[in-house]
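First the structure, in the form of structure tokens, and then the observations on it.
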Amino acid sequence: MKLNPQQNRLFLFEQKRIKGGAFSIPIKVSFSENLCVDLLSESLGYLVERHINLRSAFEQPQSIPHLTLSSHPLNIEVREEAIELKIDEFVKDDARRGFDILNGPLYRFFIFQGIKRTILYLNFHHLIWDGSSTSVFLNELNIVYSSLKKNEVPRLKNLDSGRYENYRKRLRKFSEDWGESFKQKLMDFYNPLGVLELPVDYIRPKEFSHHGEMTEFELSGELYENILNICSSYNINPYSFFSSCFSLLLYRYSRQETFYQGTPLLGRFSREDINSTGFYVQTGLIPCEVKENKSIKNFLTSHHDNIIKAQHFKRFPIEELFRIVDSDFDQSRTQGYQCFFMYQDFSNKKMEVDGISYERKHLDSGIAHSDLDLWIALYRNKISGGFHFPICLFKKSSIELIQQEFLSIVNFVVENENSSVGDIPISKEHKKRIKNEFININNERSDSLLVHFRKKVLEYPQKVAVKSTFKSLTYEELDILSNRFSHFLFSIGVQNGDLIAVSVERTADLLIALLGILKADCCYLPIDSKFPKDRIAYMMEHSGAKKIVVDDQTKDSFKNVELVNLQSFLNESNQFDQGEVDFKSNGDQSAYIIYTSGSTGKPKGVEISIRAMSNFLLSMKNEPGMKAGDTLCAVTTLSFDISVLELFLPIICGGTVFIASSEEAKNSQILSRILIDHQITIMQATPITWRLLFNSGWDGMNTIKVLCGGEKVPSDLAKELARSCHSLWNMYGPTETTVWSTCKELKDDNELISIGYPIRETSIHILDSKKNYVPIGAIGEIYIGGAGLAKGYLHQKDLTEERFVTIEGERYYRTGDQGRLTSWNEILCLGRLDHQVKIRGHRIELGEIEYQLSQINQVKQSVVVIREDVPGDKKLVAYFTLKEKITETKIKDSILNSLPPYMLPELFVTLDEMPLTPNGKVDQKNLPSPYRNREVVDENLTLAETDTEKKIAEIWKRELRIPNVYKEDNFFNIGGNSLIAASVFHKMSLSFKCNLELALLFEFPNLTLLANEIDALKKGKQRKFSNIIRLNKGTNGKNLFFFHAIGGNTLNYRIFLDQVMDYNCYGVQSDGVDGLNLQRNSVETMAESYVRQILKVDADGPYHLIGGSLGGLLAFEVARLLRNRRKEISSLIMFDTAVPQRKRSKIDQISRQEKNSFRTFGFDQIRRRILSIINFVYRQFNLPVPISLRVPLLEFYNFLALKRFRPKDYDGDIYMIRIPIKEKGIYARKDLGWGDYVHGKIEADYIDAPHEEFIESPEVAKVFGEYLKRRF
């Protein structure tokens, strides 16, 4: 017997995705008295014989599932059990057991006979059963039991043996009868509404699991009557009422106005269907549309109308409907809907067997249909209900809170029908818990941080308070010098309350200046001398600062302002009073002002009081905690507010702060050395700093407390830090609330990364757009109140009033961050609500970048977004439309006049027009990939014209998978790389029937120029092969030589050229890349040849030699040969190049994978021999080997050279960039084995990138460029 469409779909899920009891239908029937067990068993057997589906199983001939009869004894078990709790536990376990659908039986019956009553438990597989089948079955059980008791033949309607085939034919006829008008109505009613995104407690698994749990509630008495009355007055039914309330609940938690609600629909279309048992139920989709300004009354009636309309389409196959509403289905969710509503009405049903009444109870089947299922059962005097939920997404405590909120919504809807949807408040229980758990305010007053510092001076006068690489100060020295600096400030006209800018290098002296300013009752303004001049000028002018503290390194960056040279003061400090300054601040005096990114195009100055600063530091002293024995390493620039913790927390605790210089903080190897050498026990940094430390080979320290903040900490990094360090603390807070406002210790088993709980004298609220509380678990905006609040934005009263608001009589800051409170009393931060983002710890207002773009006359409209097309690689991308053409270079120059480099977009994309939402806003979801829609703003774009241009354009379009290629396009700017280049040139060689070298792409990356060169080659132009090719033309006269890897060409070094534009760059390519002279060579032979050619390019040196993998070996050997010729080697740089290993036991996994790709036996050996023969034939006729054959031969010959190379001693230095240190093999050695041969210094940086992609990693190129700048 063939399956109907619903069965086919369920069978597929059962076979491919779901195991266990995901499709069981358990039913518990509790009788008020005892029934005769034998008679009940006989009655059940009668019904099993009557309903053919209960005697069925499934088979799959030719992989097509069929229903077939199976012979099994009656599957009934009788148990003596009177304890209901034990029965419920048994039922719950059995519901999860599932069935053997290929062998059967597909039902299980249990009779529990107690002392006073009988309980019947039935369990069916959904493939042969549905909810209506249960009602039919129990009605017939009453008839059969009563008849058999009287020894009569049960009077039941005959069932047609072909009823299931008839049903299947009816469904097929329905589909054949659908006309265009029906389909158009369906298309008008159903639209893609998007995925319902409920906030969950765990990271969503890649594949949705239906295993779940259940909650329950009961409504009775007056509320029961009121629900029925409101349904009657609005002419709706309880089904519509509860479906409406469910929609309101889902909107409250998701803030999505439109989504689909799944629901079972009666799929029985004839009297024959209605009297049968089986799987007839259809899945329906109810469109839910929630508007806050709509009245509750109107919402109930309109939602009811949608339910009625959805019933009209229930004969339409759900698979077809899913294609309309959810074409982008992924297996992490249920298709088409993410919420499910089940309703059963027992209020008019006679629930008895032979006059003995029974109660049907909804069971915890251990199954969830979707992210959240609501079930409702209507009885004559009560309503039962509850939620099923998948345990892979939710904790039960969270669902219990959701249930509280649902019941609150039901009560409000019943009592406030004329209110609007937006007026529905959160439940009293939620609000009480929020105020009890998320407000950490005890109104404690605390002494100033200067008082606490003075206490530590008296307690530890000779202890080191602050140190840097070349200087240290005891508590007493720091106190005296900062006192003297205060008196010095007064001597030059500074008065209490003045604002003093600070721009000095990061040394121990920095703290003298800051403390001295604070002791003078003044406020400091950090200025980074590396900021653009326009930005510095604006900050100085806007703040009104008249003086700036500088040192010899920064003084030349400032004009038209009074300079206070810190080093000059220190040279003359003895002439100033060292006595305590009588600071008069009552706590309201400003301590510092930090300028952050502003949405209007100008940075805004956040003004923090000494009281807020002191409260923050005292809170940090307790948690995460710092003691007198601790040493903290400060790595953050002064213009970033988290420096406040680093510089001041240690000196109010009696600890020590080590201030790393800018260069030390940026160099991961040096920084890791500092952590060890100075016995650092606490360090605070952004996630990128911690990741770079690990990549440099740092293994963590079980003595260090890690504070991580500034942007969201990735879960993989959190686990690595938690495992390898003493403790890990996740820190959260905006500048406007004094550095951090919450903290949380993370363990390595944390699923979701929580920001924890409010710090001392701080309160957190999560509010909606109308500043109303949202329930616990729902998403809203994070508002922060308490002692840490800033005084406001300097000289910006309107903006201060906009962002600092009053909630229930208390002042709060609107963070613009999305967040939610959890059922376990913690806070989750879910990203920005507005345009502000964080990259590498820098808070960036996208609106500020957009403002600067808008100031460019040629730009018509712009939007700046964060894209992460490659996981973990966040990029700022600017999209814009133009009034007239402008070059990208001019756009960048214009932006950099006003913004720091970290705010410069990495990619620029011009559009004909911006994609818009129906509301007229920029539709960011439909902004194209910058690699797909890349009309370059530098050029007037022209489509290919000549035949050659058109052929090249067509190949590029196909291989790069982009819609258009233009004459002005550069291959590498539109997504091309060295890996794709080989395939592209193979196809071009075939198309043009000529030999093309990959090196052509360096000479002619532009489509038009490449087409011209190919035309010339076709006409007979001869290209003279050279191993040395010019990659660019620099300006500083220094030459860099990049040596090929196993592939033989040097295209993969192109990514490095942007980092070394001042240098003359040359690529050293292998013999044979042109298809000629393709033969085996050793590293030594190749190096000798390359040296002769390099000397023709540059006879005197000094030489910069660079290579990755095999290229590193070539660079090494060339360097050795040049040194033998008494030539100077300026730098020898290797990218992930290890000393070749002879013994297999010493070969690590990476090397082994590379070696295995060139196995010397079997098919590979035969293939290479054939290729060698082909190569021989081509060489005999002086013909180039085709690219498709050329590449594998080159790789094999070069691999053999690599494998056989044995380094000799080298008297020089090596710098390498490599992957992180491994546990075993050559990669476990920091020097990758070169320490055995190199008699100079070996320096290394670490980047976590795959070996095979290492050379083309943007991060490697960036570190390489920074090394050259640092070194030369």
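Read the figures in this text as sums done on the coordinates, not as results from a lab. No experiment lies behind these values; they were computed from the predicted model shown. All Cβ positions, glycine included, derive from the backbone under ideal geometry; neighbour counts span all protein chains shown.
Under the criterion of Cα pairs below 8 Å and six or more residues apart, the relative contact order for the chain equals 6 percent.
For Leu833, the residues 5 or more places off, or on other chains, whose built amide H falls under 5 Å of its own are Asp817, Gln818. The phi-based Karplus calculation (6.51 cos²θ - 1.76 cosθ + 1.60; θ = phi - 60°) puts the 3J(HN,Hα) values of segment 146-161 at 5, 5, 5, 4, 8, 6, 10, 7, x, 8, 10, 5, 5, 10, 5, 5 Hz, whole numbers, x for Gly and Pro. If you take all other residues with their beta carbon under 12 Å from the beta carbon of Gln553, and give Lys and Arg +1 and Asp and Glu -1, the sum is -3.
Per residue, the chain reaches -11000 deg cm²/dmol at 222 nm when only DSSP H runs of four or more residues are counted, each adding -39500 (n - 2.57).
Inter-part distance, segment 352-385 to segment 192-212, computed on C-alpha centroids, equals 25 Å. Which of the aspartates and glutamates could be linked to Lys1024 by a straight reach, that is with a Cα gap under 13 Å, when you skip same-chain ones fewer than 8 residues away? Answer for Lys1024, where 13 Å is the Cα cut-off: Glu997, Asp1071, Asp1074, listed by chain and number. Rounded to whole numbers, the Karplus 3J(HN,Hα) couplings from phi for segment 345-360 are 10, 9, 5, 10, 9, 7, 10, 7, 10, 6, x, 9, 6, 9, 10, 8 Hz, using 6.51 cos²θ - 1.76 cosθ + 1.60 with θ = phi - 60°, and x at Gly and Pro.
Residue-wise HN-Hα couplings along segment 513-518, as the Karplus relation 6.51 cos²θ - 1.76 cosθ + 1.60 with θ = phi - 60° gives them from phi, are 5, 5, 5, x, 5, 5 Hz; Gly and Pro carry x.
Each label was represented as a point 7 Å from its Cα along the Cα-to-Cβ direction; for Glu810 and Ile83 these points are 4.8 nm apart.
A protection proxy built from the mean count of other Cβ atoms within 10 Å ranks the segments 286-293, 473-480, most packed first, as 473-480, 286-293. Modelled spin-label separation between Asn440 and Lys463, with each label point placed 7 Å from Cα along the Cα-to-Cβ direction: 2.5 nm.
Relative protection proxy for 209-221, 1104-1116, from highest mean packing down: 1104-1116, 209-221 (other beta-carbon atoms within 10 angstrom). The Cα center of segment 52-125 and the Cα center of segment 740-811 differ in position by 53 Å. Setting aside same-chain residues fewer than 8 positions from Lys1224, which lysines have a Cα under 18 Å from its Cα? Qualifying lysines at Cα under 18 Å: Lys1143, Lys1146, Lys1155. Can you check what the net charge comes to around Val144, using other residues whose Cβ is under 14 Å from the Cβ of Val144 (Lys, Arg +1; Asp, Glu -1)? Summing Lys and Arg as +1 and Asp and Glu as -1 gives -2. In this structure, the amide hydrogen of Ala944, modeled 1.01 Å from its nitrogen in the peptide plane, lies closer than 5 angstrom to those of Lys967, counting only residues at least 5 positions away or on a different chain. Most tightly packed first, judged by the mean number of other beta-carbon atoms within 10 Å of their residues, the peptides 142-154, 1015-1027, 722-734 read 722-734, 142-154, 1015-1027. Helix 163-177 and the longest principal axis of the C-alpha atoms of the chain enclose an angle of approximately 60°.
Summing Lys and Arg as +1 and Asp and Glu as -1 over all other residues whose Cβ lies under 15 Å from the Cβ of Glu165 gives a net charge of +4. Need the C-alpha centroid separation for segment 474-528 versus segment 223-238, integer Å. Each part reduced to its Cα centre gives a spacing of 72 Å. Label-to-label distance, Ile308 versus Lys1203, with points set 7 angstrom from Cα along the beta-carbon direction: 7.9 nm.
Straight-line cross-link reach from Lys712 at under 21 Å between alpha-carbon atoms covers these lysines, not counting any fewer than eight positions away in the same chain: Lys666, Lys744, Lys747, Lys838, Lys874, Lys875.
Between helix 37-50 and the chain there is an angle of about 80 degrees, using the helix long axis and the longest principal axis of the Cα atoms.
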